[in-house]
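First up is the structure itself, then whatever we jot down about it.
The values are calculated or read from the model by the stated rules, or taken from the named source; none is laboratory data. Values in this document were obtained by computation on a predicted structure and should not be read as measured data. Neighbour counts run over all protein chains shown; Cβ positions are idealised from the backbone, glycine included. Only protein heavy atoms, including side chains, enter the accessible area calculation; ligands, DNA and RNA are left aside. Shrake-Rupley method; radii C 1.70, N 1.55, O 1.52, S 1.80 Å.
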Amino acid sequence: MKNGIHPENYRLVVFKDMSNDEMFLCKSTADTKDTIEYEGSTYPLIKMEISSTSHPFYTGKVKLVDTAGRVDKFMNKYKKFAK
């Protein structure tokens, strides 16, 4: 492993899956301005759309996650080409 190429500013960060409100604590260098109270302490917060607790590969359940209406937007855009 090369010396001097890895970040030194690791800190504990809470990652929150916004689709099912699951949270986990992990070390990270990701920047964020949000904070959250977790297990009695305040930590930086990283919001995620999907994680291993909600991803169909890990849960075995097929679920459409469309928080921004992207599927509807795509369908409306290309509706005129349907036969």
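Details
- Selection of the range 32-49 for residues being open to solvent by 70 Å² or more (accessible area, probe 1.4 Å) and more than 20 Å from Pro7 (Cβ to Cβ) yields Thr35, Glu37, Glu39, Thr42, Lys47, Glu49.
- Single condition His6 does not satisfy, out of (1) assigned to a loop (DSSP other than H, G, I, E, B); (2) touching a Leu at 6+ places or on another chain (Cβ under 7 Å): (2)
- Hey, Met23 touching a strand residue (DSSP E or B) at 6+ places or on another chain (Cβ under 9 Å), under 24 Å from Gly69 (Cβ atoms), surrounded by 10 or more Cβ atoms within 10 Å (Cβ to Cβ) and not basic (Lys, Arg) or not: no
- Scan the range 1-20 for residues that are open to solvent by less than 50 Å² (accessible area, probe 1.4 Å) and either of a type outside the set (Gly, Ala, Ser) or on the phi > 0 side of the Ramachandran plot (or both) and the total you get is 5.
- Among the residues listed as Thr59, Thr29, the single one being surrounded by 11 or more Cβ atoms within 10 Å (Cβ to Cβ), modelled with pLDDT of 85 or more and either touching a Pro at 6+ places or on another chain (Cβ under 8 Å) or of a type in the set (S, T, N, Q) (or both): Thr29
- The number of residues in the range 32-56 being of a type in the set (D, E, K, R) and either part of a strand (DSSP E or B) or modelled with pLDDT under 90 (or both) comes to 3.
- Val14 fulfils the conditions (1) of a type in the set (A, V, I, L, M); (2) at pLDDT 75 or above; (3) not in a strand (DSSP E or B) except for a single criterion, (3).
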